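The values are calculated or read from the model by the stated rules, or taken from the named source; none is laboratory data. Quantities reported herein were computed from a predicted structural model and do not represent experimental measurements. Glycine gets a Cβ as well: all are built from the backbone with ideal geometry, and neighbour counts include every protein chain shown. To get the accessible areas, we keep the full protein, side chains included, count just its heavy atoms, and leave off ligands, DNA and RNA. Shrake-Rupley method; radii C 1.70, N 1.55, O 1.52, S 1.80 Å.
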Amino acid sequence: MTERRMLPLLPHGSGHLAPPQAFPRRAKVAVGDTQLRANIRRATHTIRDKRAHVVDEVDDWEELREAGRALKERVARHLPELLERFEQAATAAGATVHWARDAAEANRIVTELVRATGSDEVVKVKSMVTQEIELNDALERAGITAYETDLAELIVQLDRGEQSHILVPAIHYNRTEIREIFRREMPDTDDALTSDPAVLAEAARRHLRRKFLSTKVAVSGANFAVADTGTLVVLESEGNGRMCLTLPETLISVVGIEKIVPTFADLEVFLQLLPRSSTAERMNPYTSTWTGVREGDGPQDVHIVLLDNGRSATLADTVGRQALACIRCSACLNVCPVYERTGGIAYGSVYPGPIGAIISPQLTGVERNKSLPYASSLCGACYDVCPVKINIPEVLVHLRQTGVDGARERPSAERTAMRTLAWVMSDQRRYENALRAARTATGPIAGLLAGKRTPPGGPAGTLGHLPWPLSAWTVSRDAPLPARQSFRDWWRKTHGEAR
Amino acid sequence: MRIGLFVTCVNDLMYPGTGQAVVTILERLGHTVEFPAAQTCCGQMHANSGYRAEALPLVRRFVDVFEGYEAVVAPSGSCVAMVRDSYPRLAEGDAALSARVAELAPRVYELSELLVDVLGVTELGAVFPHRVTYHTTCHGLRMLRLGDRPERLLRNVSGIDLVELPAADECCGFGGTFAVKNPDVSTAMLADKVRHVLDTDAEVLAAADNSCLAHISGGLGRLRTGVRSVHYAEILAATDGTLPPRTEPAPAAPTATPTD
Amino acid sequence: MSTAREEIMTRLAIALRDVPADETADQVPVARDYRHAGESDPARLLDLLDERVSDYRAAVHRCTLDDLGATVTRLLTERGSGTLLVPHDVPEDWHAGYTGTVYRDSANFPYPLATLDETDSVLTGCAVAIAETGTLVLDSGLTQGRRAITLVPDHHICVVESEQVAATVPEALARLDGTRPLTFISGPSATSDIEFNRVEGVHGPRHLDVILLP
Ligand code: SF4
């Protein structure tokens, strides 16, 4: 407890990380959107089965997961020295390393770097961190146009929509909707465009080809940053990443400080865990690594912006810090029963789903993000699939506790109820009196409530409608009633007074 | 073996039949069951909602009440998971309590663990000639790793027609306070669970947790599906092929007047 | 005023005050109990690579060094490729018999992007191949050229020699130099961005022919 009190020293992050309204309100809207439900359901079920299949094929999966977890723990505990090592190696290889305390500072650095090239446009490789800091908006304000080149990001950008998934930000659109967006927003399409995914991919290829060949500046993120060698690593599928990482003259990569891995050899673990967990492939089509500048091959002006934006504050929490191990595979989203029914936009953060529910509140501080730690039934499916064994349910409960502890001094009906209940439960006599009261009270209460205890036609011993706040239960479920005889009364009768 | 029964607060008040079934099964096997009356609640709702300070006295209480037993059994996957998985964390910072928790927690079993692993029985002489489907609740599945223990017990019930529940491993949407904090998502999850149950054509839905069952049966009841939900212990206790009638609430009920 | 770097380092030091000052990174235990080695029989390795590359819907061809020119020529003819780009150090034997235009690209005389864009096919070797995952790794070394040449043309023919094949990812990484620019290629470019269904052929080469030499 005293430990936690030191946390306010460490500033939290900002950006696209917290929903403007509480999750349950946004979820209510999402749950009612039938097209969205169908799209997300179909996509998540497709990938779930594929992932399970391609993971089952690996007989040392558990050993790989454990190694991945342990490596990330090593990184977390020794981040300062590893960052220094990375900076040194990358600088020696010809890259320029910048440091950004928060989103605004990172945006400023990138904007200035682009300006210095004289270019007013950049091509972008899909990167979560640049979405987190809302870099595109910052560039736009500076008169610089950012072109997203990943197919899903392109769809979202053309539709001026929001990302809803870590790996496939356009997962909430189906092929027909994507076809409509392309037809509307891509100048070089005509009515011959069909909704066949191959045709849509071809349209994206034609649309972006000139941009790749002519744009002088690219912006990327990185999946991994190797401390020993100063190497950055990007995994992708389409080849848009390779285009951005190789063809432009200037390459600016924004990298969260947690992306470090100690050595090049350590990639042997993550290059096995990540593709199978994310796109359910033995290996993704393309992985690129680059170390500073290579003469005559690729960008000759290479910049790396190392970003904090709430990561150090997250690291300070010894339970919550495991969230920084995330390699953004999205497996936890794809198996999450809550995500499956709401999609990602309801979370109001670039990081949705189970990982979003633990990382977003930590980056912003729980006070700014109270509802997300409760956006889970704690079913644990996410923990089971996580390739780096992040115990998401544990962190969720821990963040709930942080929120509750942080609001200790403010009055709350929930806390009063929880305290009363705990007070009752911690004494046998109080507990037994409460059981008795519950049993004797429910009859009359039930009588008062619409004059019926058992809903007509409903099963015996249940209630159909209860007043607020219990109405949140009876909105869709009949409520059970206390039994005529408690277990302990039965025991006394049949086995005599207990010890 | 001296077995302490932790019946759980939900079962004590709402589902006494489940506790009675556990006693019946264990006594039929020749074991002595004790019900320490000082027991109350494991503190799960408090802990999972973030009220650690409120949960802590309940952890102490549980340890006080049960540490003298060779084995403790509870007919609830989530309460056992609470003790085995969350107690060590809650007790952190209190060395004495931590040590007591570490000593006790491994001896706290979900019913099927006690029967299959500790007592080594899977055949209980039960008779239940009905079509039953089994929902693997999340805490039993992923925290306790119960595996197919409950189904193995059920498969040996004479006359039973045990049918597989599609997507049995998917959460039903209960999640404790999740059901009321996020009622829309919870309901959407419940809808799928209900659909899968109906797809099996089962008369009875069984599970290892009455709290999840309260939620699912609340949905089955609301839709007037006619499917009954019971804790699987009650099926294992049945020797005459029937379940005891659903318990009626305590006081004499005012006659139902359909006013709306 | 402190710099961003100093301030972030200070924050991290505060955040990590639970880590003993004398603990080093290597002292945080990492159990590497996963598999490092795999299949070692060269013939079976080649078969596995063949199978796994084919799974990505890349075309795999087997021939001897003597037939290499003929195989390459056949593939180029089938595709109707009138122009072929090769790194300057690719032996001419590799495309002996091909009658189209051949561009030899080198660091000193790199072709402009526009030429790469108009080139039908590119022919290279590779540094390492990973059998279990069906992956080719290029490191800009001998017979591979700079990264852009295997990216812009729509058709890539890659030659793999038997001794370049590693069984597992760990084996492959052990053979590579992490400071060189590496490109791991597993099948033709693809996307799963529409309804999580994989379709081949987006921005990278849409056609990948892999030739395995014994
Ligand atoms: S938390 Fe784990 S499963 Fe979820 S995205 Fe991150 S690495 Fe993947």
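Key figures
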read-out: Per-region count, segment A:55-94, residues in contact with a Ser or Thr (Cβ under 8 Å, 6 or more places away or on another chain) and either in the same structural domain as A:Ile144 (by TED's automatic domain parsing) or under 16 Å from C:Arg5 (Cα atoms) (or both); value: 4
read-out: Criterion (assigned to a helix (DSSP H, G or I), touching a residue at least 60 places away in the same chain (Cβ under 8 Å) and either small (Gly, Ala, Ser) or facing chain A (nearest Cβ under 8 Å) (or both)) met by exactly one of B:Ala81, B:Ala53; value: B:Ala81
read-out: Which listed residue, of C:Gly125, C:Gly134, is open to solvent by less than 10 Å² (accessible area, probe 1.4 Å), away from every other protein chain (no Cβ under 13 Å), touching a residue at least 24 places away in the same chain (Cβ under 8 Å) and closer than 24 Å to A:Thr231 by Cα; value: C:Gly125
read-out: Filtered residues of segment B:6-34 (kept if within 9 Å of another protein chain (Cβ to nearest Cβ), more than 15 Å from B:Asp209 (Cβ to Cβ) and either β-branched (Val, Ile, Thr) or touching a residue at least 40 places away in the same chain (Cβ under 8 Å) (or both)); value: B:Pro16, B:Gln20, B:Val23, B:Val33
read-out: Condition check for C:Leu213: in contact with a Gly (Cβ under 9 Å, 6 or more places away or on another chain), touching a residue at least 12 places away in the same chain (Cβ under 8 Å) and either more than 7 Å from chain A (Cβ to nearest Cβ) or among the hydrophobic types (A, V, I, L, M, F, W, C) (or both); value: no
read-out: Residue identified as in contact with a helix residue (DSSP H, G or I) (Cβ under 6 Å, 6 or more places away or on another chain) and surrounded by fewer than 23 Cβ atoms within 10 Å (Cβ to Cβ) among A:Glu185, A:Glu177, A:Glu249; value: A:Glu185
read-out: Yes/no for A:Leu139 being more than 25 Å from C:Ser189 (Cβ to Cβ), touching a strand residue (DSSP E or B) at 6+ places or on another chain (Cβ under 6 Å) and assigned to a helix (DSSP H, G or I); value: yes
read-out: Odd one out for A:Ala142, checked against (1) in contact with a helix residue (DSSP H, G or I) (Cβ under 7 Å, 6 or more places away or on another chain); (2) at positive phi; value: (2)
read-out: Criterion violated by A:Gly403 - all others in (1) free of Cβ contacts under 8 Å to residues at least 24 places away in the same chain; (2) more than 16 Å from the ligand (Cβ to nearest atom); (3) facing chain B (nearest Cβ under 9 Å); (4) open to solvent by 20 Å² or more (accessible area, probe 1.4 Å) satisfied; value: (1)
read-out: Selection within segment B:132-185 - hydroxyl-bearing (Ser, Thr, Tyr) and either in a helix (DSSP H, G or I) or under 28 Å from B:Tyr87 (Cβ atoms) (or both); value: B:Tyr134, B:Thr136, B:Thr137, B:Thr177
read-out: Single unsatisfied condition, A:Ser426 versus (1) within 16 Å of the ligand (Cβ to nearest atom); (2) facing chain B (nearest Cβ under 10 Å); value: (1)
read-out: Every residue from segment B:88-108 that is open to solvent by 50 Å² or more (accessible area, probe 1.4 Å) and more than 14 Å from chain A (Cβ to nearest Cβ); value: B:Ala95, B:Ala96, B:Ala99, B:Arg100, B:Ala102, B:Glu103, B:Pro106
read-out: Residues of segment B:7-44 satisfying the condition of being open to solvent by less than 10 Å² (accessible area, probe 1.4 Å) and closer than 21 Å to A:Val424 by Cα; value: B:Val7, B:Thr8, B:Asn11, B:Asp12, B:Pro16, B:Phe35, B:Pro36, B:Ala37, B:Gln39, B:Thr40, B:Cys42, B:Gly43
read-out: Residue count, segment A:333-342 (criterion: within 13 Å of the ligand (Cβ to nearest atom) and either part of a loop (DSSP other than H, G, I, E, B) or farther than 20 Å from A:Glu162 by Cα (or both)); value: 2
read-out: Residue among C:Asp154, C:Asp120 that is within 11 Å of chain A (Cβ to nearest Cβ), over 11 Å from the mean Cα position of the chain (by Cα) and open to solvent by 10 Å² or more (accessible area, probe 1.4 Å); value: C:Asp154
read-out: Selection count, segment A:108-150, where residues are of a type in the set (Ser, Thr, Tyr), touching an Asp or Glu at 6+ places or on another chain (Cβ under 7 Å) and buried (at least 24 other Cβ atoms within 10 Å of the Cβ); value: 0
read-out: Counted residues, segment A:301-332 - those being small (Gly, Ala, Ser), surrounded by fewer than 24 Cβ atoms within 10 Å (Cβ to Cβ) and away from the ligand (no atom under 16 Å from the Cβ); value: 1
read-out: Scope segment B:168-223; condition surrounded by 24 or more Cβ atoms within 10 Å (Cβ to Cβ) and acidic (Asp, Glu); matching residues; value: B:Asp209
read-out: Any hit, segment C:36-54, residues being facing chain A (nearest Cβ under 7 Å), assigned to a loop (DSSP other than H, G, I, E, B), touching a helix residue (DSSP H, G or I) at 6+ places or on another chain (Cβ under 9 Å) and surrounded by fewer than 17 Cβ atoms within 10 Å (Cβ to Cβ); value: no
read-out: Qualifying positions in segment B:109-131 - under 29 Å from B:Asn48 (Cα atoms) and either open to solvent by 70 Å² or more (accessible area, probe 1.4 Å) or part of a loop (DSSP other than H, G, I, E, B) (or both); value: B:Asp117
read-out: Residue that is farthest from the other protein chains (Cβ to nearest Cβ), among those in segment A:263-272 that are open to solvent by 10 Å² or more (accessible area, probe 1.4 Å) and not aliphatic (A, V, I, L, M); value: A:Thr263
read-out: Selection within segment A:357-379 - surrounded by fewer than 24 Cβ atoms within 10 Å (Cβ to Cβ) and either polar (S, T, N, Q) or near the ligand (Cβ under 9 Å from one of its atoms) (or both); value: A:Thr364, A:Ser371
read-out: Subset of segment A:387-397 that is assigned to a helix (DSSP H, G or I) and over 14 Å from A:Leu324 (Cβ atoms) - its residue that is farthest from the ligand (Cβ to nearest atom); value: A:Val397
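Conditions (1) part of a helix (DSSP H, G or I); (2) open to solvent by less than 40 Å² (accessible area, probe 1.4 Å); (3) at pLDDT below 85, marked per residue:
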position: A:Arg429; (1), (2), (3): yes, no, no
position: A:Glu432; (1), (2), (3): yes, yes, no
position: A:Pro444; (1), (2), (3): yes, no, yes
position: A:Thr454; (1), (2), (3): no, yes, yes
position: A:Ala460; (1), (2), (3): no, yes, yes
position: A:His465; (1), (2), (3): no, no, yes
position: A:Pro469; (1), (2), (3): no, no, yes
